[in-house]
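These notes concern the structure reproduced below.
The values are calculated or read from the model by the stated rules, or taken from the named source; none is laboratory data. The structure displayed is predicted, hence computed values, not measured ones. Cβ sites come from the backbone with ideal geometry, for glycine too, and all protein chains shown count toward neighbours.
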Amino acid sequence: MADGRLESKNAVISGGAAGVGGAASKIFAREGAHVAIVDIQDEVGAALADEIRGQGGQAFFVKADVSSGDEVAAAMAEVNKRFNNRIDILFNHAGTVIVKSFLETTEQEWDWMMNVNVKSMFLMTRAVLPSMLGKGGGAIVNTSSISAVAGTPMEVLYCTSKGACHMFTRAIATEYRDQGIRCNAVCPGFIKTAHGLRELKELQALGVEVTEEDLCRLQGRICEPEEVANVALFLASSEASFVNGETVFVDNGMLVST
Ligand SMILES: NC(=O)c1ccc[n+]([C@@H]2O[C@H](COP(=O)([O-])OP(=O)(O)OC[C@H]3O[C@@H](n4cnc5c(N)ncnc54)[C@H](O)[C@@H]3O)[C@@H](O)[C@H]2O)c1
């Protein structure tokens, strides 16, 4: 794996077992990173780490629900041990969606959404920053969404959580820029993952116009997970050395055409 774009980097990927996170785990490892996959799905995550190692890459799996402070602390203690307290890259990708009419959503659902999509970024970033600052820098990539700036009916909680991801990205970049930290976000449209396909199905069931035809009009076609992971790769790599606090849309022109 000589001359990879992430050669000799230690990378942590939350939600790294499947979907875009799974694609990123493979691509980052292919580019020379040693990847820590942190995910709630242990069998899938462990199998992916095995697959990467079987192909000559470096990866290991650690189970955690990244919305839980205790689980993140335990998982990151293990990751720091394996990485000898040196973490170069954090991809905060784990997240989920609730599709429901606003007035039907409960306080528990609000807490769950904010914990999984926003608090997880706080917990994971807080866990890796000391290591990054100790060695003089690091790159953080967060997964936001077009929903951070485009309101979608039946997704008030989700849109609110992604708006927070946008500002978390900008505020971390602002506070830590001069200590060598870059923090950027990828903001996808609809992606062909378990999350994206469920979201489309549930929106359609509630009468929101996201049929295959609508999707073609909005973003040309559905996005492949690798098309988002490749943007995360760029942002995580030194090729993006002067890109900081950015929210990069990966939506094939959906936002600029509406
Ligand atoms: N799929 C889309 O259309 C789309 C569009 C825009 C943004 N996103 C964002 O992408 C992320 C979802 O990823 P995906 O589309 O690759 O879907 P996915 O469901 O295939 O993958 C999500 C991964 O995150 C893990 N995960 C979920 N909750 C977790 C938790 N609490 N702790 C640890 N791991 C957890 C899952 O196990 C899974 O491996 C979310 O942040 C979502 O907002 C998705």
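Please indicate, with yes or no, whether at least one residue in the range 156-164 is among the polar types (S, T, N, Q), part of a helix (DSSP H, G or I) and within 13 Å of the ligand (Cβ to nearest atom).
Residues of the range 156-164 among the polar types (S, T, N, Q): 160-161.
Narrowing the set further to residues that are part of a helix (DSSP H, G or I) leaves 160-161.
Pick out the ones that are also within 13 Å of the ligand (Cβ to nearest atom) and you get 160-161.
Among the residues of the range 156-164, at least one is among the polar types (S, T, N, Q), part of a helix (DSSP H, G or I) and within 13 Å of the ligand (Cβ to nearest atom), which makes the answer yes.
For the list (1) without any contact (Cβ under 8 Å) to a residue 60 or more places away in the chain; (2) touching a Gly at 6+ places or on another chain (Cβ under 9 Å), I need the number of the one condition that Cys216 fails.
(2)
Residues of the range 7-32 being surrounded by 21 or more Cβ atoms within 10 Å (Cβ to Cβ) and more than 14 Å from the ligand (Cβ to nearest atom), which ones?
Lys9, Asn10, Ala11, Phe28, Ala29
Restricted to the range 33-42, and to residues that are of a type in the set (A, V, I, L, M) and free of Cβ contacts under 8 Å to residues at least 40 places away in the same chain, which residue is nearest to the ligand (Cβ to nearest atom)? Talk me through it step by step, then tell me what you get.
Start the filter on the range 33-42 by keeping residues that are of a type in the set (A, V, I, L, M), which leaves 33, 35-38, 40.
With free of Cβ contacts under 8 Å to residues at least 40 places away in the same chain added as a condition, the list becomes 35, 37.
Working: Val35: 14, Ile37: 9 Å.
Looking at residues that are of a type in the set (A, V, I, L, M) and free of Cβ contacts under 8 Å to residues at least 40 places away in the same chain, I get Ile37.
Suppose we filter the range 185-214 for residues that are modelled with pLDDT of 95 or more and within 11 Å of the ligand (Cβ to nearest atom); how many remain?
Going through the range 185-214 one residue at a time, the tally reaches 17.
Can you tell me which residue is farthest from Ala17 (Cα to Cα) among those in the range 211-258 that are assigned to a helix (DSSP H, G or I) and of a type in the set (Ser, Thr, Tyr)? Break it down into steps so the answer makes sense when it comes.
First pass over the range 211-258, keeping only residues assigned to a helix (DSSP H, G or I): 212-219, 225-236, 238-240, 255-257.
With the extra rule that they be of a type in the set (Ser, Thr, Tyr), the set shrinks to 238, 257.
On the way: Ser238: 24, Ser257: 33 Å.
For the range 211-258, the residue satisfying everything is Ser257.
Are any residues in the range 33-76 surrounded by 19 or more Cβ atoms within 10 Å (Cβ to Cβ) and among the small types (Gly, Ala, Ser), and if so, which ones?
Within the range 33-76, Ala33, Ala36, Gly45, Ala49, Gly57, Ala59, Ala64, Ser67, Ala75 qualify.
Looking at (1) among the basic types (Lys, Arg); (2) in contact (Cβ under 8 Å) with a residue 12 or more places away in the chain; (3) more than 28 Å from Ala148 (Cβ to Cβ), which is the only condition Lys26 fails?
(3)
Restricting attention to the range 77-113, which residues are more than 14 Å from the ligand (Cβ to nearest atom), surrounded by 15 or more Cβ atoms within 10 Å (Cβ to Cβ) and of a type in the set (Phe, Trp, Tyr)?
Phe83, Trp110
Please list, ordered by residue number, the strands (runs of 3 or more DSSP E) wholly in the range 3-116 having 1 or more residues that are of a type in the set (S, T, N, Q).
On the way: elements: 10-14, 34-39, 58-63, 89-92.
By residue number, 10-14, 58-63, 89-92.
Which of the residues spanning the range 125-137 are over 12 Å from Ile172 (Cα atoms) and not aliphatic (A, V, I, L, M)? Quick ask: steps written out before the conclusion?
Of the residues in the range 125-137, the ones over 12 Å from Ile172 (Cα atoms) are 127-128, 130-137.
Result: Pro130, Ser131, Gly134, Lys135, Gly136, Gly137.
If you take the residues in the range 154-210 that are among the basic types (Lys, Arg) and closer than 23 Å to Val20 by Cα, which one is surrounded by the fewest Cβ atoms within 10 Å (Cβ to Cβ)? First the steps, then the outcome.
Filtering the range 154-210 down to residues among the basic types (Lys, Arg) leaves 162, 170, 177, 182, 192, 198, 201.
Filter again for closer than 23 Å to Val20 by Cα, leaving 162, 170, 182, 192, 198, 201.
Numbers: Lys162: 28, Arg170: 17, Arg182: 25, Lys192: 17, Arg198: 13, Lys201: 11.
Per the criteria, the residue is Lys201.
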